[in-house]
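I have placed the structure first, in the form of structure tokens, so that the comments after it can refer back to it.
Every read-out reported here was derived from the displayed coordinates using simple, explicitly stated rules and does not represent laboratory data. No experiment lies behind these values; they were computed from the predicted model shown. Here the Cβ positions follow ideal geometry from the backbone for every residue, glycine too, while neighbour counts run over all protein chains shown.
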Amino acid sequence: MARKGLAMRERPTQEVTIAHKHGLQNEGKEIPFYYHLPPGTTKDKPVPLVIIFTGLDGYRTELAVWIEGWSQKGVGVIVLEIPGTGDSPAEPTDPTSPDRQWSSLLDWVDEQPEIDHKKVAVWAFSTGGYYAMRLAHTHAKRVAGIVALGGGCHYMFDERWLSNVNTLEYPFDLANTLAYKWGYGNDLEKFKKEASRFSLLEDGTLDKPECARLLLVNGVGDEIFPIEDSELPLRHGAPKEARFIENRKHMGEPESFFVILKWIYNLFGLQGNPGEQMKTIPSRPKY
């Protein structure tokens, strides 16, 4: 149903499947994603590209709502899922598997003549923000900018946090869901004891000397991933940018969207009012 609707645009959104050429033997062989180019795009008129990483429970069929607004701004969009969710081929228990997935994806992006390769950005939502922070350090020179919205990197894996998070903001049992997403199935206790192996502080990622331009955004009162996880990268490695929204919980929405849209406009050299783009989101209030 989603594919049928997306195909009805002036320039249809495609569901593209590419080879996961950097994947290991035990990983999936293909990476599927939505790919949209604005009407009028040609190799002689290449466009900027926003790559959207989905979250724990927002798959590409949901986050495709952002495509129309970016298309109206003359920006292409890719929407794909993170390891352990949707159709991601990456091995969820392997902390390095996302690096291989993004390498396969970015290699494909580099081959597309319709893309302005100096203007490629990543916008990652919620749990996707973890992967955005990692990508900023592992593929620092391959994108112009990265936004981690509501992401975690270290304290989200703390055993004490995971032991209490089921009673907080998330409407379901978040710790159990995260255990399943990271490949531990129903063994929550094992996940809690071993989750620190995914920490970007413990594995040295945050202290790498190079980092892509990275914007960290979240609500100060986030009860899904603690705000300290958005502050921690500021104290390690290369300088980053940050904007934290007072009196808001996870992802700091809706104010966070306006911050991020304006930041990406500036990154790409675009003019416009983020409020107008927000009006294209059917599931959101009309701002």
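Say each of Thr96 and Asp110 gets a label point 7 Å from the Cα, pointing the same way as Cα to Cβ; how far apart are those two points in nm?
1.9
Taking 7 Å along the Cα-to-C-beta vector as the label spot, tell me the Lys118-Asn247 distance in nanometres, rounded to one decimal.
Placing both labels 7 Å along Cα→Cβ, they lie 4.3 nm apart.
Can you give the extra length, in nm with one decimal, that the chain gains between Lys29 and Val220 once fully stretched, where that is 0.36 nm per residue apart less the Cα-Cα distance?
Values: separation 191, 0.36 × 191 = 68.76 nm, distance 3.92 nm.
Taking 0.36 nm per residue and subtracting the Cα distance, the gain is 64.8 nm.
How high is the FRET efficiency from Glu231 to Gln72, r the C-beta distance, R0 35 Å, rounded to 0.05? Display every interim value, and only then the final one.
Numbers: r = 34 Å, r/R0 = 0.98.
Once the sixth-power term is evaluated, E becomes 0.55.
Cα axis of helix 255-268 to longest principal axis of the chain: angle in degrees, 0 to 90, nearest 10?
Computed tilt is about 50 degrees.
For Cα pairs less than 8 Å apart in space and 6+ apart in sequence, what is the mean separation divided by the residue count of the chain, i.e. the relative contact order in percent?
16
Among the listed pairs Lys141/Lys192; Lys43/Lys240; Lys21/Lys192; Lys193/Lys240; Lys73/Lys141; Lys21/Lys141, give every one whose C-alpha distance is greater than 27 Å.
Lys141/Lys192; Lys43/Lys240; Lys21/Lys192; Lys193/Lys240
Can you give the charge dipole size of the chain about its Cα centre, rounded to the nearest 20 debye, using +1 on the beta carbon of Lys and Arg and -1 on the beta carbon of Asp and Glu?
So the dipole magnitude of the chain works out to roughly 900 debye.
Do any trypsin sites (Lys or Arg not before Pro) in the range 29-75 lie in a DSSP loop with no more than 13 other beta carbon atoms within 10 Å, and if so, which?
Working: sites: Lys29, Lys43, Arg60, Lys73; in loops: Lys29, Lys43, Lys73.
When the trypsin sites (Lys or Arg not before Pro) of the range 29-75 are filtered for loop state and at most 13 Cβ neighbours within 10 Å, Lys29, Lys43 remain.
At a Förster distance of 35 Å, what's the computed FRET efficiency of Ser196 paired with Asn273, Cβ-Cβ distance as r, to 0.05?
0.20
Based on the alpha-carbon gyration tensor of the range 141-191 and its eigenvalue square roots a ≥ b ≥ c, which shape applies: rounded if a/c is under 1.5, prolate if not and a/b is larger than b/c, or oblate?
prolate
Under 1.5 on a/c is rounded, so check that first for the range 228-287, then, if it is not, pick prolate when a/b is larger than b/c and oblate when it is not; a ≥ b ≥ c are the square roots of the alpha carbon gyration tensor eigenvalues.
Verdict is oblate for the range 228-287.
Note the angle between two axes, namely the Cα long axis of helix 97-110 and the longest principal axis of the Cα atoms of the chain, as a number of degrees from 0 to 90, rounded to the nearest 10.
In the chain, helix 97-110 runs at an angle near 10 degrees to the longest axis.
Counting each pair of different Cα atoms once, what's the Kirkwood radius of the chain in Å, rounded to one decimal?
About 19.1 Å for the chain.
Could you check how many percent of all C-alpha pairs in the range 87-182 are farther apart than 20 Å?
Tail of P(r) above 20 Å: 44 percent of Cα pairs.
Which longest uninterrupted range of the chain lacks any GluC sites (Glu not before Pro) assigned by DSSP to a loop state (not H, G, I, E or B) and surrounded by at most 14 other Cβ atoms within 10 Å?
Of all site-free stretches, the longest is 11-110.
Roughly what angle does helix 128-138 make with the longest principal axis of the chain, taking Cα atoms, 0 to 90 degrees, to the nearest 10?
80
Have a look at Ile281, Trp182, Ala90 and report the one farthest towards the positive end of the charge dipole of the chain, computed about the Cα centre with Cβ charges (Lys/Arg +1, Asp/Glu -1).
Projecting each Cα onto the dipole axis, the largest value belongs to Ile281.
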